[in-house]
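Trainee: Quick one: structure below, then a few questions.
The values are calculated or read from the model by the stated rules, or taken from the named source; none is laboratory data. Treat the numbers as computed from the prediction; the structure is a model and nothing was measured. Heads up, the Cβs are rebuilt from the backbone with ideal geometry, glycines too, and the neighbour counts pull from every protein chain shown.
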Amino acid sequence: MNAIVKSPFAWLLKREYWEERRGFLWAQIWAAGVLVAISILGIIALEALRLRNNIRIGMDGNLSALLSNGMQHNAAGIAPGLDGLMLTFGTIAAIVLFFVVFFYLLGALYDDRRDRSILFWKSLPLSDTSTVVSKVIAAVIIAPLISVGVVLAGYVALQIVASLWFLAHGLNPLALLWTHPEPFSLWLHLLAMVPVNAVWALPTVGWLLVWSAAVRSKPFLWAVVIPIIAGVLNFWVGLLGLPHLDPQFFWGSLVGRALLSVIPAGWVVPDFGAHGVDFVGGDQLAAISYGSMAHAFTLPEMWIGAAVGIALIAVAIWFRRWRDEA
C-alpha cells in the first residue's frame, strides 16, 4: 500500500490536485458557501417578515415550508424538503464541476507547452501515457469525488443553521431534522454516480485533450468552433438536398457527446426520444436510482462513446509525445 501511495503515478495525481485545487476544491467550497449564505439571508428575511407583519410563516417557500412542517411535527413533510436541499447542493456542485472540468481539460496539456514546463516534466522518468492518464483520472474521478464531499459538507452546514433556527422557535432539531436518512441516502446516490459519469464523460475528455495537446493556441476555439462550423455546413448541405447527417443525431450524438458529456448525470435525459436513461414519470430521484445507474451501463451509447473517448485519449498521448511547442 505504501508503495502505491509513493509511486510516480500517485505523485502525478497529487500534482494535478495541487495545481488545480482552486478549481477542484475552492470553487466548490465557494459555491456551497454562497448557497449557505443565501439560505441564512433567506431565514433572516423570513423572520423579519414574520415579525414585521405579525404573520405566520406559510408554505410558499422551501425554507418556510421546512419550519412550518417542523412546527406541525410533520416528519413526512420535512423529509422532502431536506431532500430538496441536498439536490440543490448537488445541482449547484454539478454546474460548477462542469465548467471546472471543461476548462481544466482544455488547458491540461496546452498549458505545459505554453509555459515550457513540459521540458521539465519530460526530463523526469514519467511516460506521456501516465501523464495524460493522470489528467483523465483527475477530471473524471478526483474532481467529482471532491465535489461530492463538498456537497455533504455544505448540506451538514445548512442543517446546523436550520437546527439553530428550529431551536430559536422552541423545536427539537435532533428529532425533526437529523433523524431522516433520506438526504444522506440521496448523497450516497450522488457518490455512486461518479463511476457512471466517468465512463459517460470519456468522449468529451478525449476530445478536449486532443485539442489541448495538438493546437498552438486557443484550444477553446478549436474544440468548440469546429463542431459548430461542421453543424452549420451539415445543415447547409441538407438545404441543398444533398446527403447529410440527421441534425438531431449530429447535434445530440456527435456535438453533444463531444462537448457536454462531462455534465454530471448527462446520461439522464427527459423522455422525448433522446438517448440515455429517461426520467421515470418525471421523477428525478428515480432517474438517479441505483437501477438507473446499472441500466446506463447497458446503453450502446455508453460504450460506443467510451471507445471513441479512449481512442481520442490515445491520440492526445501521441500529440503529447511529439508536440513540445505551443
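Okay, residues lined up against (1) crowded, with 20+ Cβ neighbours inside 10 Å; (2) at pLDDT 90 or above:
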residue	(1), (2)
Ile263	yes, yes
Val269	no, no
Leu285	no, no
Trp303	no, yes
Arg323	no, no
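Trainee: Next up: Looking at (1) at pLDDT below 80; (2) under 22 Å from Val148 (Cβ atoms), which is the only condition Leu67 fails?
Mentor: Just one mismatch for Leu67, condition (2).
Trainee: Does Asn234 count as assigned by TED's automatic domain parsing to the domain that holds Val315, more than 24 Å from Phe297 (Cβ to Cβ) and among the polar types (S, T, N, Q)?
Mentor: Answer is yes for this residue.
Trainee: Just give me the residues in region 182-226 being modelled with pLDDT under 90 and under 25 Å from Ala79 (Cα atoms), in sequence order.
Mentor: Glu182, the sole residue that qualifies.
Trainee: Can you pull out the helices (runs of 4 or more DSSP H) entirely within region 171-238 that have at least 1 residues that are over 30 Å from Ala294 (Cα atoms), small (Gly, Ala, Ser) and touching a Phe, Trp or Tyr at 6+ places or on another chain (Cβ under 9 Å)?
Mentor: Correct list: 202-214.
Trainee: A further question follows. Pick from region 145-170 the residues that are more than 14 Å from the chain's Cα centre (by Cα), assigned to a helix (DSSP H, G or I) and small (Gly, Ala, Ser): which of them is farthest from Phe99 (Cα to Cα)?
Mentor: Here the answer is Ala168.
Trainee: With respect to Ser253, determine if the residue is among the hydroxyl-bearing types (Ser, Thr, Tyr) and either in a helix (DSSP H, G or I) or assigned by TED's automatic domain parsing to the domain that holds Leu85 (or both).
Mentor: Taking the combined requirement at face value, the residue satisfies it.
Trainee: Determine if region 132-144 includes at least one residue that is in the same structural domain as Leu97 (by TED's automatic domain parsing), surrounded by 14 or more Cβ atoms within 10 Å (Cβ to Cβ), within 20 Å of Val101 (Cα to Cα) and in contact with a Lys or Arg (Cβ under 7 Å, 6 or more places away or on another chain).
Mentor: So far as region 132-144 goes, yes, one or more of its residues are in the same structural domain as Leu97 (by TED's automatic domain parsing), surrounded by 14 or more Cβ atoms within 10 Å (Cβ to Cβ), within 20 Å of Val101 (Cα to Cα) and in contact with a Lys or Arg (Cβ under 7 Å, 6 or more places away or on another chain).
Trainee: Assess whether Leu177 counts as being in the same structural domain as Glu16 (by TED's automatic domain parsing) and farther than 28 Å from Glu16 by Cα.
Mentor: Yes: the conditions hold for Leu177.
Trainee: Now, a different point. Conditions: (1) touching a residue at least 40 places away in the same chain (Cβ under 8 Å); (2) surrounded by 15 or more Cβ atoms within 10 Å (Cβ to Cβ). Arg216 meets all but one. Number of the miss?
Mentor: So the condition that Arg216 fails would be (2).
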